[in-house]
1. Straight-line reach from B:K195: which lysines have a Cα under 30 Å away, not including same-chain ones fewer than 8 places off?
2. How would you rank A:S195, B:S197, A:S205, B:S19, going from fewest to most other Cβ atoms within 10 Å of each one's own Cβ?
3. Under 16 Å Cα to Cα from B:K16, which aspartates and glutamates show up? Leave out anything in the same chain fewer than 8 places away.
4. Would you list which aspartates and glutamates come within 16 Å of A:K376, measuring only between C-alpha atoms, while excluding same-chain residues fewer than 8 positions from it?
5. Take every residue in peptide A:38-46, count the Cβ atoms of other chains within 10 Å of its Cβ, and give the average of those counts.
6. Quantify how much of the Cα-Cα distance distribution of the stretch B:40-199 extends past 26 Å, in percent.
7. List, largest first, the extents of the alpha carbons of the stretch B:114-190 along their principal axes, each in whole Å.
8. Could you identify which residue out of A:L175, A:L378, A:L124 has the top mean-square fluctuation in a GNM of chain A using Cα springs shorter than 10 Å?
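A short reminder: the numbers here are calculations on the coordinates, not readings from a lab. Just so it is clear, the model here is predicted, and its values are computed rather than measured. Here the Cβ positions follow ideal geometry from the backbone for every residue, glycine too, while neighbour counts run over all protein chains shown.
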Amino acid sequence: MDIVYKILDFPATKWVFLIIALVMPLASILTWMERRQSAMMQDRLGPNRANIGPIKLKGILHFVADAVKMIFKEDFIPANVHRGLFALAPILSIAPVFIAFAIIPFGPTIYPHSLTSTLDPTLLATGQSPELFADSIRLQIFQIDFGLIFYFAVLTLANYGGTIAGWASYNKWALLGGLRSSSQMMSYEVAMGISLMGAFLVTGSLEPGAIATIGASTSMSGSNPLNWLWLWQPVGLVLFFTAAIAETKRAPFDIPEGEPEIIGYFVEYSGLRWGLFFLAEFIEIVFIAAVICTVFFGGWQVPFLDADGFRIGGYVDQITGVSTGGSVWYLPHAIVVLLQFAAFGIKVLLLCWFQLAIRWTLPRFRADQLMNLGWKILLPLSLANVMVTALIKLLFMGGPETP
Amino acid sequence: MSASHDHHEDAHDGPKVISVADRHPRSRTIQVVRPEPRDVTFLAATAKGLGITLKHFARNFFLPLKSAKDRAAAGAPQEDKWKNEIETVQYPEEKVTYPERFRGLHRLMMRDDGNVRCVACMCCPTVCPAHCITIIPEEAGDKNVEKRPAVFEIDELRCVVCGLCVEACPCDAIRMDTGDHAKPVEDRANAIETKESMLGRGIRSIAVQGGEGPNWKSGGPAQPPHRGGHGHDH
């Protein structure tokens, strides 16, 4: 039995589970959801016909039709392209997003030996009766101390996909698109990194798992929505959201693509290679939603659901595990885990929906407008956010924590 | 040239020339319009825009579809405020009702005996602006009729549905009142309407050929049709 738990806790297993159970279905459905939602926002109906026999589901199967079409389209490689880089570019743009998902905690830690019983937070915090908590499965692929820095580093590589695609295509428009893709990265990347530093200061951690579990203060339950960082870092949230939309290369910041002028860095691509760029864009949306959800909205936490059940009015001290006051509705561990995993999915879906809403509301920015926004507004604001957060932390919350 | 250029700039919303220096005609003071401080971050505009789009989304997402009747009266104030605003017509199940004066496909009318009323006078191919009508006349065999079309074809791909052929017809042989639009075809040849297909849509016409003749002003009795043969049907 031990070997089963070992396999389940193996990073590759969790990665496959995360990609197959959450990321790919969400990204595929987003391709349909975007058309459907934009139609709803514009008083239209959107695609609602795709069906397999009588199974119609309001056209949600549209992504299957899209996928089948892309697979069977001709894989056309124009003359004079750099064949190696041309083939490499779609992979370069989709792989970093998959890699970056390694840091996202998509559920709580599962303790297989106490699935049917109610967890005791005190025992969990003090480390007594370790046999109950043995063979734990942490629903996070890599727990690394520099988690969000890892995400910045890896997702920046995705830009090479676009740039290399533009260069390898032997096409002036594609090259312009690729160049714009890298110049756009110059605009948002600095502000994006610094806008999260306030959150790092508040929680004292760079590790998304810790940020999601603990929240802003250890003397409140991690599941208390007031403990989530949207309340403690509202400026950081807005700044990071703006920069993250620029990261996904979609409207209002879809400068690398432009249907009326340059088509974009993937102008020479067709079939499944183009589909990979398309999918990478949607997976990035899911990823950005997952990061925002983890950092600012408590990750997999269900409001007021602690490890032992719903607790109204009281709280669990996160260091000692002692629960104080309130009325508790105890739930078995398995139910709690399921609820929390579902909460993560729902939060990510809602944040994806909000990104689509922004994409279909705002007109696009010019490249110089994005430069102005990134360097003259986002960067000073995020620096000021860091300063103010640090000052408040120093003056009112007892200075830096010593781990 | 310079003066007209200045005027051109003033007329537009672009940079406004406030003053021109005396010493050098090219040095001038230009007023630069910068966005208001509240507009710089785009936050207010974003929130306002999101408010509008999300209002539409919520309404269209949660409220039921309008009925086909409500959609037909597009633009009219909505009667039921608990219906959404989607105007899409679900085509194969629902169809847009055509306006009353929509003409549609041609049809050829028949005499009492079921023969085609057309006398191959060639008025309609002459007036047709799209040159889509082909008529090859032949002897009718009936000395009262003299001519009839051996071939009467209309290329519906060229027809512009102007209705001039109907106005030109002296004997009510061709009408455009079916209200059907041209059917989609897979082969261009199938888009050509033949005499038989247009007669298939036609009915017997009781119109008197030739009208009332020279006595139309006095309102007297209609002149008997001088060629006869089909005037006895009124």
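1. In chain and number order, the partners are B:K95, B:K143, B:K147, B:K183.
2. B:S19, B:S197, A:S205, A:S195
3. In chain and number order, the partners are B:D6.
4. A:E189, A:D368, B:E36, B:D39
5. 6
6. For the stretch B:40-199, the share of Cα pairs beyond 26 Å comes to 52 percent.
7. For the stretch B:114-190, the Cα spread along each principal axis is 41, 25, 23 Å.
8. Ranking A:L175, A:L378, A:L124 by mean-square fluctuation puts A:L124 first.
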